[in-house]
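Here's the structure, in structure tokens; my notes come after.
The values are calculated or read from the model by the stated rules, or taken from the named source; none is laboratory data. Computed from a predicted structure; not experimentally measured. As a convention, Cβ positions derive from the backbone with ideal geometry for all residues, glycine included, and neighbour counts pool all protein chains shown.
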Amino acid sequence: MNGKLVAGSIVLIAAIAGIGGYWLQEYAFYAKVDFKPGQEILLTPLTSPVPEAIPVKDLQGIDATSSPLRFRACFTTELTLATLTDTYTVYSGPTPLNGPSWFSCFDAGKITDALASGEAVAFLAQANIIPAVDKIEVDRVVAVFPDGRAYAWNQLAPGVEQ
């Protein structure tokens, strides 16, 4: 009887820890982003290192203070891929990271596949968006699809081992 109580306690503690860990990863640290009007999404032009705002609609985003890599955003733009590639810096090595499952507009797997196939194009939104800590640089990247759907995220700058 005593062994059942110990085993039951272990199972209960493991279940509580598992649920707690899941909640921390999926919900605890995320908050909706309040974008500044006129400065919602920035892209870095080919002719200048200073990012500039692009027109966007239907913008929604999340972020967390617990990690500089938790930013995600979904939106649409009326700018064509041709205009974007002629005007803004294309980003090499885009790597969208998975977001929480409840932020369903951002699907890192589909974005990655579209970037790999050439369907979508990634642009540098802003280099070193987060002040460097221990020489780790974080860039904000925007991927745009031909129909105007677009997604933004933060990632470690190229050359930084992940």
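Out of curiosity, is Ala157 under 14 Å from the mean Cα position of the chain (by Cα), farther than 20 Å from Leu59 by Cβ and either of a type outside the set (Asp, Glu) or outside the structural domain of Tyr22 (by TED's automatic domain parsing) (or both)?
Working: under 14 Å from the mean Cα position of the chain (by Cα): yes; farther than 20 Å from Leu59 by Cβ: yes; either of a type outside the set (Asp, Glu) or outside the structural domain of Tyr22 (by TED's automatic domain parsing) (or both): yes.
Considered against the rule, which asks whether it is under 14 Å from the mean Cα position of the chain (by Cα), farther than 20 Å from Leu59 by Cβ and either of a type outside the set (Asp, Glu) or outside the structural domain of Tyr22 (by TED's automatic domain parsing) (or both), Ala157 comes out as yes.
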Check: Among the residues of the stretch 127-140, is there at least one that is in contact (Cβ under 8 Å) with a residue 40 or more places away in the chain, under 20 Å from Asp58 (Cα atoms) and part of a loop (DSSP other than H, G, I, E, B)?
Finding: no
Checklist line | Matching residues, the stretch 3-60, being closer than 15 Å to Ala152 by Cα, polar (S, T, N, Q) and surrounded by fewer than 11 Cβ atoms within 10 Å (Cβ to Cβ) | finding: Gln39
Next item on the list: Hey, could you check the stretch 110-125 for residues that are under 17 Å from Ala82 (Cβ atoms) and out of contact with any strand residue (DSSP E or B) (no Cβ under 8 Å at 6 or more places or on another chain) and say which is surrounded by the most Cβ atoms within 10 Å (Cβ to Cβ)?
Entry: Glu119
Notebook entry, point to check: Of these, Thr85, Thr80, Thr65, which one is surrounded by 14 or more Cβ atoms within 10 Å (Cβ to Cβ) and among the polar types (S, T, N, Q)?
Noted result: Thr85
Notebook entry, point to check: (1) crowded, with 18+ Cβ neighbours inside 10 Å; (2) of a type in the set (Gly, Ala, Ser); (3) modelled with pLDDT under 95: which one isn't true of Ala73, the others all being true?
Noted result: (3)
Note to self: Take Ser104 and tell me if it is part of a loop (DSSP other than H, G, I, E, B), more than 13 Å from the chain's Cα centre (by Cα) and either of a type in the set (S, T, N, Q) or at positive phi (or both).
What the structure shows: no
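Hey, can you tell me all the residues within the stretch 1-54 that are of a type in the set (Phe, Trp, Tyr), over 17 Å from Ala73 (Cβ atoms) and out of contact with any Phe, Trp or Tyr (no Cβ under 8 Å at 6 or more places or on another chain)?
Residues of the stretch 1-54 that are of a type in the set (Phe, Trp, Tyr), as a first pass: 22-23, 27, 29-30, 35.
Cutting the leftovers down to over 17 Å from Ala73 (Cβ atoms) gives us 22-23, 27.
Selection gives Tyr22, Trp23.
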Margin query: Checking the structure you have, find out if any residue of the stretch 46-54 is touching a Gly at 6+ places or on another chain (Cβ under 7 Å) and touching a residue at least 24 places away in the same chain (Cβ under 8 Å).
Written below: no
